[in-house]
1. Mind pulling the angle between the C-alpha long axis of helix 2-66 and the longest principal axis of the chain? Nearest 10 degrees, somewhere in 0 to 90.
2. Over the chain, how many percent of alpha carbon pairs lie in each 5 Å bin up to the one with the longest distance?
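Every number here is computed from the coordinates shown, using simple stated rules; none is lab data. No experiment lies behind these values; they were computed from the predicted model shown.
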Amino acid sequence: MRTFATLSIAGVTGLVLIKLLAMIMFPLFALIVGLFAMTVKFALIAAVVFFFFTMFRRHREKHEAEA
């Protein structure tokens, strides 16, 4: 009976520690994922702006060369 009590206390303690660690780690993980998603979003916006900028620049240079 004494071994069962020790094993039960160890299991409950481990479960509580895992729950506490999860309370700390899940928000940090969500923050990291959110920052990564924001970085990808800004990179995509910058790529689209750069694409249109080079497209219009080439179009303008082409018309200036013809004139």
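1. Orientation of helix 2-66: about 0 degrees from the principal axis.
2. Taking all Cα pairs of the chain, the binned fractions are 3, 14, 9, 9, 8, 7, 8, 6, 6, 6, 5, 5, 4, 3, 3, 2, 2, 1, 1, 0 percent.
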